[in-house]
Amino acid sequence: MMEKSQLPKIAIGQVRKLDSIDGIASSRLVAIAEVDAMDATCLVFLLGNATDAATPRDVVISKHTAALPYDIALMGDYLSRADQGRLASNPIIGKLSQELIQAIRHAVDISPFGAINIDESKYSVEVGSFPAQKYDAVWTFRDAEAANFSLLTFVRNKSSLNFAVRFYQINHQNPSAFDDPEVNLDALRFRAISKERIEVAA
Amino acid sequence: MTSKVTWRDLRDEFEKNDGPGQLWRAEVKRLCQYRIRQKKNLGLPAEIFGFVDWDADDLAQTVIAERLLGRAQARYIFDSVAEIEHARKLLSNEVSFTLEDRRVPNQVDNVWSNLEPRLRQAGWSPEGKKSRNDSGDDASMIKEIVRKILNLKRLRNRGQQRLSPLFAGETLLGFAEQIVEVHPEASAYVIQTALRTALAKISPRMSMEAVGSSQEDFDGVVGTGERNRGKAAKLRWVENFDSSEDLSAHALRVLQVLEQEGSEIVFQVASGATQSEIAAVLGVSRTTAVKRIERTLELLAETLKSLELGEEENLKIMQEVFVMLGAGISDGVMVK
């Protein structure tokens, strides 16, 4: 088995397992949609094996396109943020092209309701064709997937103290990262305090 | 009894064999046994799922060959799972999908038997139509008809019963009229092929509610499914009836299975009460009432089915049930 340090860096398009949270949420396969080094997080799309029940909001990706042993359904509306640390220790299972990921993100953004409009032949994918109806059981399944995914992921708040702590921990040895005008003020304060302490200690 | 197999055991075995081995097979078989028990309780014969009889080994073999290996779902589970409970839920899904896939021919026959008379009513005739044509015309026509079928309004049921209709009669008549108008040349072969393709998409979706995210199957596997056990116990109790007992005895037992609230729901439904009215009678919200109505009607159907009598006898039993509930007709309306 490959050592953690040998595993390739996280990059857009990779398909990896997002680790479970013991007793809270079970693991899922995800496709990386955006990588943010600032706080070591990334945006991920939820993947699933329910290709037969893929709705027009999902994109069914063949095993050849995804370099996987099985077809997979990418759930277009299930995009959220995860810690890179909970992906990095798992190997790359498959790979989607960056263009495909961007096309799906764009298609989902411009049509929040109804079918995703994407050039199927260009990307060798298929938009789900199951027209779900009001009382269809598929909604229950999707609800459960959404609930699990929301526990595995989070919404980032750049103004929060949590974000500031995380930013500081990751970047405290990289002064240039603090030059960004969008850096959280608390993060700047942490840096100022620690710098002062180092000077006092010296 | 709770299985002591861990996810690590299954994972190690998969890595060693580069595929599912004996431990995986044992897990699948355990789930198959549970699912077969469920189907038997519902009185569903194995034939409608394409099996000669209910045999957990046969079903497990089919799941492994068609789904775990054939569609590489064992690899998907290996790639995505970290706990045994999660693995069992996904395996349970596979058992469910296998059964649904194998039921499609039966469903096609069922829908076709309801559709054909309506096609004829709409002016369609099988005579003079080619039984099979491999040209691209047929392929595009089938594709269009499939799309129409997928968009037909489906009845709100899970399709779990042997002959539970997927579409209301009116819906099928409308569909038949569309076929006659847009594709008058469509042969029985074309329509049946379209039905088969569409139902192959519909079936797995219909089984999703009961599996995948539900704890129920797992509870059933490890033997802690209290709700299912209670339900099964009632059904077994019903199964023990002597078929020669008179209708009153059957009716009385139906009422006992339904219990007081269920009997009230059956009466209210029969008298044409709306969901809101039933909710008011029960003193619950409409949403809760809807769930209880659904559960009661399922229980009633299962109970009647378990008696293994004909439609006519079932009708008489229900008449007797209403008599016992003190129902009568006043000004054309059923009252108590």
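Restricting attention to the range A:19-47, the residues being more than 9 Å from every other protein chain (Cβ to nearest Cβ) and either outside any loop (DSSP other than H, G, I, E, B) or under 16 Å from the mean Cα position of the chain (by Cα) (or both) number 19.
Considered as a group, the residues in the range B:82-94 that are more than 14 Å from A:N49 (Cα to Cα) and more than 8 Å from chain A (Cβ to nearest Cβ) include one that is farthest from the chain's Cα centre (by Cα), and that residue is B:I84.
Residues in the range B:189-205 that are among the β-branched types (V, I, T) and either farther than 16 Å from B:S113 by Cβ or modelled with pLDDT under 85 (or both): B:V190, B:T193, B:T197, B:I202. All told, A:R156 meets the bar of being away from chain B (no Cβ under 14 Å), touching a Phe, Trp or Tyr at 6+ places or on another chain (Cβ under 7 Å) and at pLDDT 80 or above.
The residues on offer are B:R35, B:R25, and the sole one that is part of a helix (DSSP H, G or I), under 14 Å from the mean Cα position of the chain (by Cα) and either under 18 Å from B:R88 (Cα atoms) or not assigned by TED's automatic domain parsing to the domain that holds B:L69 (or both) is B:R35. One residue stands out in the range A:30-75 among those that are within 11 Å of A:V125 (Cβ to Cβ) and buried (at least 22 other Cβ atoms within 10 Å of the Cβ): the one that is modelled with the lowest pLDDT, namely A:A54. The single condition among (1) over 22 Å from B:V146 (Cβ atoms); (2) more than 14 Å from chain A (Cβ to nearest Cβ); (3) in a helix (DSSP H, G or I) that B:P105 does not satisfy is (1).
For the range B:170-187, a residue qualifies if it is surrounded by fewer than 16 Cβ atoms within 10 Å (Cβ to Cβ) and touching a residue at least 40 places away in the same chain (Cβ under 8 Å), and the qualifying residues are B:P184, B:E185. May I ask you to list the residues in the range A:68-86 that are under 23 Å from A:D119 (Cβ atoms), without any contact (Cβ under 8 Å) to a residue 40 or more places away in the chain and within 14 Å of chain B (Cβ to nearest Cβ)? A:D71 - this is the single residue of the range A:68-86 that is under 23 Å from A:D119 (Cβ atoms), without any contact (Cβ under 8 Å) to a residue 40 or more places away in the chain and within 14 Å of chain B (Cβ to nearest Cβ). When the residues of the range B:48-81 are filtered to those that are aliphatic (A, V, I, L, M), closer than 28 Å to A:P91 by Cβ and surrounded by fewer than 19 Cβ atoms within 10 Å (Cβ to Cβ), which remaining residue is nearest to the other protein chains (Cβ to nearest Cβ)? Among them, the one singled out is B:L69.
The residues of the range B:261-295 that are in contact with an Asp or Glu (Cβ under 8 Å, 6 or more places away or on another chain) and either of a type in the set (F, W, Y) or surrounded by fewer than 20 Cβ atoms within 10 Å (Cβ to Cβ) (or both), listed by number, are B:V281, B:L282, B:R292.
Yes or no, residue by residue, for (1) in a strand (DSSP E or B); (2) over 29 Å from A:D22 (Cα atoms); (3) assigned by TED's automatic domain parsing to the domain that holds A:T51:
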residue	(1), (2), (3)
A:D109	no, yes, yes
A:G114	no, yes, yes
A:S121	no, yes, yes
A:F130	no, yes, yes
A:K134	no, yes, yes
A:V165	no, no, no
A:S176	no, yes, no
A:F190	no, yes, no
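Taking the numbered list (1) free of Cβ contacts under 8 Å to residues at least 60 places away in the same chain; (2) part of a helix (DSSP H, G or I); (3) of a type in the set (A, V, I, L, M) in turn, A:I101 passes all entries but (1).
Can you name the residue in the range B:107-143 that is at pLDDT below 90 and in contact with a Gly (Cβ under 8 Å, 6 or more places away or on another chain) and, of all such residues, is farthest from B:Q73 (Cα to Cα)? Only one residue tops the list, namely B:N114.
The values are calculated or read from the model by the stated rules, or taken from the named source; none is laboratory data. Quick caveat, the model's predicted, so the values are computed rather than measured. Ideal geometry is used to build each Cβ from the backbone, glycine not excepted, and the neighbour counts take in all protein chains shown.
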